[in-house]
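Just below is one structure, and these are the notes that go with it.
The values are calculated or read from the model by the stated rules, or taken from the named source; none is laboratory data. Worth saying up front: this structure is predicted, and the values here are computed from it rather than measured. Note: ideal-geometry Cβ built from the backbone for every residue, glycine included; neighbour counts use all protein chains shown. Keep in mind that these areas ignore ligands, DNA and RNA; they rest on the heavy atoms of the full protein, side chains included. Shrake-Rupley method; radii C 1.70, N 1.55, O 1.52, S 1.80 Å.
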Amino acid sequence: MTGRRLTPLLAYVPTAAAAASLLTGCGVLPGATGGSREPVTVMTWAPDQTRATNMPGMPAMAQAYARWVNDNGGIDGHELRVLTCNEQNTNSGAAACARRAVQEGAVAVVGSYSQHGRAFMAPLEGAGIPYIGGYGISEDEFTSPLSYPVNGGQASLIAGHGMQLAASCRKVSLVRPDTIAGDKLPDLLNSGLRDASHRGAVDIPAVEDAAEYTDQADKARTRAGRENGCVTAVLGERTQTFFDSFRRLPAREGEDSESVRISSVLGSVGQPLIDRTGGPHSPFEGAYVTGWYPDAESSAWQPMRKVIKEQAFADNRVDPNDAGVQTTWIAYTVLKQVIESLDGDKVTALRISHALDQGAEIDTGGLTPPLRWRYDNLLGARDFPRIVNRDVTFQVVRNGRLVAQKPGFVDVGSTVLAAP
């Protein structure tokens, strides 16, 4: 990063009105201009204040990142302007955000969350705008030639989770959303379980935004059995609701609290949820969790934590332990390095996507393996051909903290490829 072509930038101090615009529509992060290099406009979107999963920390992290780089001369002399948008967890909301990105001249959508890939990818593809570092929740993120995922999405998490559970669980019950995306999860989990010659999981679909899950919880516990059974729930923000219903089930005769172990994946269970539900006394104590990235205690997260401390210390939306915030940080790391590789006065969507397609290699400081999106780097799985990061981490909740169950990364590429 250099500031040789910019005059000193004014510090950006958000007003209450500007802060309120974060997810109520599409706001702009202003910054001082100067020098010959043109500003770079990008967008970050996520749902907020909806009945299903909400990710307000992702746009908030994007704004904090922009303040940080602009305070330090921009990205290779370019002021970074961040648009934010609430995609509302709906097809229409996702499409509206994508159209706004096109209208506002965004050169990329970065570090965003949406389940509605078909709705947002069509407008972006029509305008040639790359989608960098989506959360990995929609199928289109792993099929569109203009998508550059930084993790293996739900596919790698669920396949890896099956591998993690196979060593300890005799039977597994899977509670997952009754959605198109949710329909793929049983095959992926079973692919991981069968890596260890394990029987398949019991599939229990559930409404994603239900107020309680007593029936599903009872079925999951019953089918998991009484000996080394595991119940895993992957319901996004409603995972807590499910496990609230699960722990309220009446005790079965002759059964102790260790008869059935609970588990999930990052994004459905994370450190913020564990903290909210009691830390060391949380019902998630002892739970197995599969993640994309190193655990929160890893020193690899220190650069992100420093930026959050400097630029978003008082913003409780920006939790450094949140998987969405972490994904946004990694996505903007990609954006920064690819813009620096261009070394030009003007940055366009075409130049960014061309550089990524031609093999620009991104170093994320150990948060992921080096990222590269050339054809040779793509996993090529039938439903997820754009996966380039096939690594996951195995974690467990101990004394209220998510810590590594197994050191380092686990490559799940062959397991994802083996899924039906």
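Would you be able to say whether some residue in segment 102-119 is over 20 Å from the mean Cα position of the chain (by Cα) and free of Cβ contacts under 8 Å to residues at least 60 places away in the same chain?
Taking every residue of segment 102-119 in turn, at least one turns out to be over 20 Å from the mean Cα position of the chain (by Cα) and free of Cβ contacts under 8 Å to residues at least 60 places away in the same chain.
Just one of the numbered conditions (1) touching a Pro at 6+ places or on another chain (Cβ under 6 Å); (2) open to solvent by 10 Å² or more (accessible area, probe 1.4 Å) is not true of ILE352; which one?
(2)
Working only within segment 121-133, note down all residues that are open to solvent by less than 20 Å² (accessible area, probe 1.4 Å) and touching a residue at least 60 places away in the same chain (Cβ under 8 Å).
Result: ILE129, PRO130, ILE132, GLY133.
Could you grab me the full set of residues in segment 136-168 that are open to solvent by 10 Å² or more (accessible area, probe 1.4 Å) and under 24 Å from PHE394 (Cβ atoms)?
Within segment 136-168, ILE137, GLN154, MET163, ALA166, ALA167, SER168 meet the criteria.
I need every pair where a residue in segment 284-308 that is farther than 21 Å from LEU157 by Cβ and touching a residue at least 24 places away in the same chain (Cβ under 8 Å) has its Cβ under 8 Å from the Cβ of a residue that is open to solvent by 10 Å² or more (accessible area, probe 1.4 Å) and of a type in the set (Gly, Ala, Ser), sequence separation at least 6 or different chains.
Close Cβ pairs (under 8 Å, with a partner that is open to solvent by 10 Å² or more (accessible area, probe 1.4 Å) and of a type in the set (Gly, Ala, Ser)) amount to PRO303/GLY365.
Restricting to segment 213-247, name every residue that is in a loop (DSSP other than H, G, I, E, B) and out of contact with any helix residue (DSSP H, G or I) (no Cβ under 8 Å at 6 or more places or on another chain).
Across segment 213-247, the qualifying residues are GLY225, ARG226, GLU227, ASN228.
Which one of THR368, THR364 is within 24 Å of VAL410 (Cα to Cα), of a type in the set (S, T, N, Q) and surrounded by 21 or more Cβ atoms within 10 Å (Cβ to Cβ)?
THR368
Could you list, in sequence order, all residues of segment 378-395 that are surrounded by 16 or more Cβ atoms within 10 Å (Cβ to Cβ) and either out of contact with any helix residue (DSSP H, G or I) (no Cβ under 8 Å at 6 or more places or on another chain) or of a type outside the set (Val, Ile, Thr) (or both)?
Hits for segment 378-395 are LEU379, ALA381, PHE384, ARG386, ASN389, ARG390, ASP391, THR393, PHE394, GLN395.
Could you list, ordered by first residue, the pairs with Cβ atoms under 6 Å in which the first is in segment 210-236 and of a type in the set (D, E, K, R) and the second is open to solvent by less than 80 Å² (accessible area, probe 1.4 Å) and part of a strand (DSSP E or B), at least 6 apart or interchain?
LYS219/ILE204; ARG221/VAL260; ARG223/SER173; ARG223/VAL202
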